[in-house]
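Notes for the one structure printed next.
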Amino acid sequence: MKGTKAITLVGLLLTLIGGGTVFFRHVEGWSWLDSYFFTVVTLSTVGYGELVPATPMGKIGTTVFIILGLGIFAIAIQ
């Protein structure tokens, strides 16, 4: 049971990272690398500030992304 939970959490994190990368690539028009970088930096709560969403959809998506990411990380840390 414990292994299944770990696999599920890793799968959720990878899905969130992949989804965030695709989202920022298409909504903000960033490169794949920049989109991936922003996704990981945002999820890890480091927030370098090098990239900032400029579109309204990007800003809304980022807030949803942060809430989902923090929730998944909180579950994973338990």
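The values are calculated or read from the model by the stated rules, or taken from the named source; none is laboratory data. All values reported here derive from a predicted model rather than from experimental measurement. Note that each Cβ is placed from the backbone with ideal geometry, even for glycine, and that neighbours are counted across all protein chains shown. Just so you know, the surface numbers come from the protein's heavy atoms only, side chains and all, with ligands and any DNA or RNA stripped out. Shrake-Rupley method; radii C 1.70, N 1.55, O 1.52, S 1.80 Å.
Worth pointing out:
- Test: residue in the range 42-55 that is open to solvent by 50 Å² or more (accessible area, probe 1.4 Å) and under 15 Å from ILE75 (Cβ atoms): no
- Looking only at the range 4-26, and only at residues there that are hydroxyl-bearing (Ser, Thr, Tyr) and exposed (fewer than 14 other Cβ atoms within 10 Å of the Cβ), the one that is farthest from PRO53 (Cα to Cα): THR4
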